[in-house]
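Worksheet for the structure shown next.
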């Protein structure tokens, strides 16, 4: 188990039944980067990965 799995598991257990829009998620990611600019690169990579999940060219 990766260390980050703990946070993912907590997210799933605490908020796993909720439904959110990608607009809401994008706003939360912006807020997170504003508060923690040192994580800008990894947040950008996650957002780009999520945005391109259906792109056949990336497979």
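Sorted from longest to shortest, the spans of the Cα atoms of segment 19-58 along the three principal axes equal 34, 25, 10 Å. Among 44, 19, 27, the largest mean-square fluctuation in a Gaussian network model of the chain, built with springs joining Cα atoms closer than 10 Å, belongs to 19. With helices as the sole contributors, the chain gives -20500 deg cm²/dmol at 222 nm; each DSSP H run of n ≥ 4 counts as -39500 (n - 2.57), and the sum is divided by every residue.
Specify the residue with the greatest mean-square fluctuation among 21, 42, 13, computed from a Gaussian network of the chain linking alpha-carbon atoms under 10 Å apart. Top of the fluctuation ranking is 13. Here each label is just a point 7 Å from Cα along the line to Cβ, and for residue 56 and residue 9 those points are 3.9 nm apart.
Working from label points 7 Å from Cα in the Cα-to-Cβ sense, the residue 49 to residue 34 distance is 2.5 nm.
Length available on full extension from residue 19 to residue 41: 0.36 nm per residue minus the Cα-Cα distance, which gives 5.3 nm. Which of 29, 46, 11 moves the most in a Gaussian network model of the chain with Cα springs under 10 Å? So, out of 29, 46, 11, the one fluctuating most is 11.
Values quoted throughout were computed directly from the atomic coordinates according to the rules given, and no laboratory measurement underlies them. Here the structure is a predicted model, which means the values were calculated and not measured. Glycine also receives a Cβ, built like all others from the backbone with ideal geometry; neighbour counts cover every protein chain displayed.
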